[in-house]
Each structure stands twice: as structure tokens, then as C-alpha cells.
1. Looking at region 61-73, I want the residues that are farther than 13 Å from residue 48 by Cα and have a partner that is surrounded by fewer than 12 Cβ atoms within 10 Å (Cβ to Cβ) and at pLDDT 95 or above with Cβ atoms under 7 Å, at least 6 apart or on another chain. Which pairs are those?
2. Based on what the data block shows, is residue 197 in a loop (DSSP other than H, G, I, E, B), without any contact (Cβ under 8 Å) to a residue 60 or more places away in the chain and either closer than 28 Å to residue 35 by Cα or in contact with a strand residue (DSSP E or B) (Cβ under 9 Å, 6 or more places away or on another chain) (or both)?
3. So which residues in region 164-177 are assigned to a loop (DSSP other than H, G, I, E, B) and either closer than 15 Å to residue 340 by Cα or touching a residue at least 12 places away in the same chain (Cβ under 8 Å) (or both)?
4. Does residue 264 fit the bill of being more than 29 Å from the chain's Cα centre (by Cα) and either at pLDDT below 95 or surrounded by fewer than 18 Cβ atoms within 10 Å (Cβ to Cβ) (or both)?
5. Taking residue 285 and the conditions (1) over 23 Å from the mean Cα position of the chain (by Cα); (2) part of a loop (DSSP other than H, G, I, E, B); (3) within 30 Å of residue 362 (Cβ to Cβ), which numbered condition does it fall short on, given that it satisfies the others?
6. Filter region 130-150 down to residues that are surrounded by 24 or more Cβ atoms within 10 Å (Cβ to Cβ) and over 16 Å from residue 37 (Cα atoms) and give me whichever is modelled with the highest pLDDT.
7. Being touching a strand residue (DSSP E or B) at 6+ places or on another chain (Cβ under 9 Å) and either in contact (Cβ under 8 Å) with a residue 12 or more places away in the chain or closer than 30 Å to residue 260 by Cβ (or both): is that true of residue 308 here?
């Protein structure tokens, strides 16, 4: 099972949803850096379950233990290992899943790949529970990026039929998102009207035992022109690699995204201009990336989450022991929409990808100039 990513900074994820805990080991962090652990805790609270009608009732504190890599509150340069102990599991809710895979979950695919030896409880290693250490890693990495002027934020762009406004981000809206203004909101929409509509939708879903999907838009300011590579290690492909590691994401689009399919070149292109001593573009349909390399404009992209497949409604499945059709009624505690809790996860993933691009560029510059 491959659970590591990165070259300059290497992240190794471990644990299962209903095992003793989950965690991450991060290699090659700079010695002497003093992380702001209060800010890391704030990001974990944003992801934390059990905070309102929009979340699962599973009550995990998301308290963590640092096993190595920190001394006197500073990074030592040794691998940083962080462990989140699981404290609120109900494994009995998952006893039947070895025979009756849940629709649109990883149960059947994992059974085939691992010959039935995987841990099915709560989704095992496929669970969203593993995004807690991802958020820790991204919250720390974001602080390193801030030292060079990079800021990352996100908003809920869509939740089911509820769409945020403005739909097309203006410069002022990007400033609001990247400033962290929305991070304290349980539903981080720009529009308060959208917040009210979304709460009404979530309450209805909760009553009916159903779920809904949505979209998150990420905005990144301060990335200079020149980060990334063409082709296999492009900035887009690095972000995409990590984005599609998040459970539930099924689509990703940069800039104008799928709208490009209906545009003419004269509409889609981003003309160059000057602002003082800076070269900018008059619009940003490309989402801040050309040829796999940052162009100095804000980077923005949207990710699409599928509806949470664990719903209380009866669903058709197959009993793997008998080979006969079966009806499954899923127990357990699940989100009617994963999107509100996913914002800090997607931001964390973006920070990890940008950290890699920044260090690659620093190494290339050093090799070029000595």
C-alpha cells in the first residue's frame, strides 16, 4: 500500500478509522522553525466532526501527540511524527460490511485488492478520518509558505442547489477568502443568503437520511511566477495528484475550467498588461498557471465532492458470500454533506503541493546561480 508523497518534503500517512489512531510522518522539514501550534489547532477545529447539523455525530477530539521531530517547541530536523488517537468508534456498525459492500464506497474494491484482509471498520485506511493528519501537515506547511508571502483560503462555491455569490470571483472577494475571513464560519460562503439556504438544505437532508455533494473553490495569493514544471511535474498535476487523494473528490478544474469548452480563444485568453513595475493579466481564466508553471496571478481552482455515499435509505447490494442480491441499510454516523469540513483539507493539500514547487524552484535557482 503506497501511503507516501513528495520529494523535497515527504509525507507518510498511516492508520485506520477504527484502529488505535491515525497519523503522519513528515520528512525534511527545516530545523529551527517554530510552528504556531495554536493556529494548527484552529485548522483542526475547522475539520473536526460533531459540530452542528452539517456534520457526523462521531465525537473525536482531534487531540494529537507529537512523537518525534519537535524539541523546545521548534522543529529538530528529524522526521516529525504526529499521532491522533481514535476515541469514539462504534465498530459494531460495520460488522456486516465484509459480506455486503456499501454502494459507491471502497468496500468491494478493497476486498478484491487485499483479498479481504483490509480493515473494513469505518472505511479503514480509506476513511475521511485520515484527513486529520493531512490538515496538521498543511497547517504547518502553510506557515512556511507565509514567510514568502503566500496565503491560501477557500469558500464553498456550491452545495447541492445552493450556489454562492458572486459566482465569478473579483479581486475583493479573493482578498476576503485569502485573508482567512471565512475560516471561522461553520459554512464558509461569501454570501449570507447562501448560508441560510444551505442550513435549510442540510436540515432537510438530515431528516430524510440523504446526502448531497458540492464544490469548494480554493484561492491562493502571493505565488510568484516560475513555480512548477512542464508535463509530468506541472503545478496543476502536483495539485491534482494530492486533490484526488482526498476521499470523495470526483472532479477538479483550474480557472474557467469546464467553461473553456464553450469559449472562443478571444474570450478565453488572458491578455498581458503592466501594473506599475509588475506584469499581470487583465483577466485570469487560466487560474494563475500557464504551461504547468505559475504566472504570478492568483491561483484558483474548484474541486467537486460527490454526495456522502453512506445514507440511511435502503440500498441494493450483493452478498459476497452467497452471491445473491441483498438490501443494505447503513448504520453509523455520517455527514449529510462533507463539503463544510473539507475546506481545510483542500487548503492543506494545496499548501503541500506549493511547498514542493517552492523548494524545487529554490534548488533550481541555487544550481543555476551557485
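1. 73/34
2. Details: in a loop (DSSP other than H, G, I, E, B): no; without any contact (Cβ under 8 Å) to a residue 60 or more places away in the chain: yes; either closer than 28 Å to residue 35 by Cα or in contact with a strand residue (DSSP E or B) (Cβ under 9 Å, 6 or more places away or on another chain) (or both): yes.
Considered against the rule, which asks whether it is in a loop (DSSP other than H, G, I, E, B), without any contact (Cβ under 8 Å) to a residue 60 or more places away in the chain and either closer than 28 Å to residue 35 by Cα or in contact with a strand residue (DSSP E or B) (Cβ under 9 Å, 6 or more places away or on another chain) (or both), residue 197 comes out as no.
3. From region 164-177, those assigned to a loop (DSSP other than H, G, I, E, B) are 164-170; that's our starting set.
Matches in region 164-177: 164, 165, 166, 169.
4. Numbers: more than 29 Å from the chain's Cα centre (by Cα): yes; either at pLDDT below 95 or surrounded by fewer than 18 Cβ atoms within 10 Å (Cβ to Cβ) (or both): yes.
Considered against the rule, which asks whether it is more than 29 Å from the chain's Cα centre (by Cα) and either at pLDDT below 95 or surrounded by fewer than 18 Cβ atoms within 10 Å (Cβ to Cβ) (or both), residue 264 comes out as yes.
5. (1)
6. Of everything passing the filter in region 130-150, 131 is modelled with the highest pLDDT.
7. Working: touching a strand residue (DSSP E or B) at 6+ places or on another chain (Cβ under 9 Å): no; either in contact (Cβ under 8 Å) with a residue 12 or more places away in the chain or closer than 30 Å to residue 260 by Cβ (or both): yes.
No; evaluated as a whole, the condition is false for this residue.
Let's see how each residue does on (1) in contact with a strand residue (DSSP E or B) (Cβ under 9 Å, 6 or more places away or on another chain); (2) under 30 Å from residue 65 (Cα atoms); (3) touching a residue at least 60 places away in the same chain (Cβ under 8 Å):
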position: 117; (1), (2), (3): no, yes, no
position: 122; (1), (2), (3): no, yes, yes
position: 130; (1), (2), (3): yes, yes, yes
position: 162; (1), (2), (3): yes, no, no
position: 179; (1), (2), (3): yes, yes, no
position: 187; (1), (2), (3): yes, yes, yes
position: 210; (1), (2), (3): no, no, yes
position: 218; (1), (2), (3): yes, yes, yes
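The values are calculated or read from the model by the stated rules, or taken from the named source; none is laboratory data. Since we're looking at a predicted model, the values are computed, not measured. Because the Cβ atoms are built from the backbone with ideal geometry, glycine has one as well, and the counts that use them run over all protein chains shown.
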